[in-house]
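The structure under discussion appears below in the form of structure tokens.
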Amino acid sequence: CQENHPQIHEFIAAAYTYERDGAVTTVVERDTPYPGRCIMHKPRLGDTLPVYVPVPGQYEEFPNVVPMVELPDEAIESYLSRNVAVVGRVVRENSVSAIHANHAVLMSVVAERVSATTGVPFAIMPHGSAIEYVVKKDQRFHALASGAFREAVRIFAIGRDMRRRILDTFPDLPDIEHKLEELDLGVDTGLFEPVSRDARRARILKLCDALKTLEPGKQSEAARHLRARIRADIGREALTAAIDEVRIYKENLPDAGVEEKLTSIDWQQDELLLFVGRLIASKGLQSIVAALPHIFEAHHGARLIVVGNGPLREVMEAFLWALEHGEYGLARNIVTWGTALEGGEATPFEAVRLFFAELDARGELEGYFETARRVIRPERVIFTGYLTHRELKYLFPCCDVAIFPSIVAEAGPLVFLEALASGCFPLGTYFAGMAQSIDSVAGSLPPGDVALMKLRNDPSRTVADIVANTTGALALAGVHKETLRRVVVERYDWLSVARKLAAQLSSMTR
């Protein structure tokens, strides 16, 4: 793999870099606190890194980060050949008996080629991103994936939705259904566990102590600078320029001063809503923000905590400014400009556009913005920046309701399971992997309470569902905490998932 900092992962006992000239550099060699150990091998790839979707600031050592579908054939072959050379060497020198490759491309193709020369069997675990952004969009990659899937001994599917997607994407592959084995995503239930309301503040103080040891990302001055630049009649180009001015920070870090924001919350009395994820339109944060005036009006102690990084962040800060000032014109423009403000094609925030249209048709739009002017305040929406599991383990259990209104189908939304493990009541779009996660809880809760988890996969209902279901979930007041956790421990704990994976890989060698 291409992990840049193996030393921060205590399960890695050794890490080696394979240079272009064949030399091997030792990065880490040490004992681990576990009975087993992971040995990491990293091929030096050169300047070009093929990706599914580029994420700014995420690739420290690659000056040329390119979407796979934009690469010429020779660059694809160069990447494959380099990895095949190193993986083949690792397999031969370490008596590897089975290979597991993530994604439909390109490491599946590497595993296929190494298997062909060594006789070592391989399995593939496809994920949605490679299938949706690469395999379905480019026939070259569809052909490469088909070849790898044809030769694989096992294909692991993260739930029934991924199983369906695999079968739909590769309908002509013989016997593919017989190779499929469902394997759930896992959760470290030792990290995420419920806490009482009385214990929340102490937990958050531990989070603040952890944050103090980290390099800060976005400075508070950046948010103030953006607010100062916004005006009711600002145009798209001017708003984009204002956003670009402040997006000069390291994104994969927590905000400077986030500790002060978190300690300003009354953790015993306030009702805490949580969003965790990449800040892009496809994750649906804009729908949560549009729901806030109605939620905040009904719940005076409610606050929203937004965890993550991405190009939608400053767009949502501008949208919140428009709501705070009751500026319908600007709010409507931001919704209409939509993903163009993220740097993509101009696609409106459809769920919010439809919500505004429905309010207008009922004669309630003016009242909505009057409510927004009363209840939306900067301190009621807290952006934390990027947090890892080391920090999220403290935050998740201290929140009441987590909201994940994803627009795109996700095979295994891990944040939903982490919320369950923490006793934080989650809401999610009821389709794909999210639906399967919700259904896994259905037998343990009253039907009406399970229904609160379901946001309809219908953009005309998304915002209204967030308002209604959040209100219902807050009324439960944490009554299902222990039940939610029990379901996750029984089905999704990493130990049970790992045992199944190990058994499957071992069976391939017999």
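The values are calculated or read from the model by the stated rules, or taken from the named source; none is laboratory data. Nothing here was measured: the structure is a model prediction, and the numbers come from that model. These accessible areas exclude ligands, DNA and RNA; they are computed on the full protein's heavy atoms, side chains included. Shrake-Rupley method; radii C 1.70, N 1.55, O 1.52, S 1.80 Å.
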**OP:** Using amide H atoms built 1.01 Å from N in the peptide plane, name the residues 5+ places from I407, or on other chains, whose amide H lies under 5 Å from its own.
**Re:** K283, G284
**OP:** First compute the accessible area of the stretch 301-460 with a 1.4 Å probe, then give the percent of it belonging to carbon and sulfur atoms.
**Re:** 51
Original post:
In sequence order, what are the phi-derived ³J(HN,Hα) couplings for the stretch 353-358 according to the Karplus relation 6.51 cos²θ - 1.76 cosθ + 1.60 with θ = phi - 60°, rounded to whole Hz, with x for glycine and proline?
Top reply: 4, 5, 5, 4, 4, 5
Original post:
Over the heavy atoms of L312, what accessible area does a 1.4 Å probe trace out, to the nearest 10 Å²?
Top reply: 0
Subject >> Rounded to 5, percent antiparallel among DSSP beta bridges of the chain >> reply: 15
Original post:
In degrees, nearest 10, range 0 to 90: what is the angle between the Cα axis of helix 73-93 and the longest Cα principal axis of the chain?
Top reply: 60
Subject >> Residue order for E221, E345 - accessible surface, 1.4 angstrom probe, largest first >> reply: E345, E221
Subject >> Accessible-area ranking of D266, D493, largest first, probe 1.4 Å >> reply: D266, D493
**OP:** For every helix of n ≥ 4 consecutive DSSP H residues, a contribution of -39,500 (n - 2.57) applies; sum these over the chain, divide by its total residues, and give [θ] at 222 nm rounded to the nearest 500 deg cm²/dmol.
**Re:** -14000 deg cm²/dmol
Subject >> Interchain or long-range residues, amide H under 5 Å from T48's placed H >> reply: none
Original post:
Residue-wise, which Karplus ³J(HN,Hα) couplings in Hz belong to the stretch 117-131, taking 6.51 cos²θ - 1.76 cosθ + 1.60, θ = phi - 60°, and x for glycine or proline?
Top reply: 9, 10, x, 7, x, 9, 10, 10, 10, x, 10, x, 4, 5, 5
Original post:
Could you give the angle, 0 to 90 degrees to the nearest 10, between helix 159-169's Cα long axis and the longest principal axis of the Cα atoms of the chain?
Top reply: 70
Subject >> Solvent exposure ordering (accessible area, 1.4 Å, most first) of K454, K136 >> reply: K136, K454
Original post:
Taking a probe of 1.4 angstrom, what is the accessible area of I265 in Å², to the nearest 10?
Top reply: 10
Original post:
Relative to the first principal axis of the alpha-carbon coordinates of the chain, what is the inclination of helix 285-298, with its axis defined by its Cα atoms, in degrees from 0 to 90 and to the nearest 10?
Top reply: 40
**OP:** Would you please give the residues with an amide H less than 5 Å from that of I382, counting only those at least 5 places away or on a separate chain, with H modeled from the backbone geometry?
**Re:** L304, I305, V306
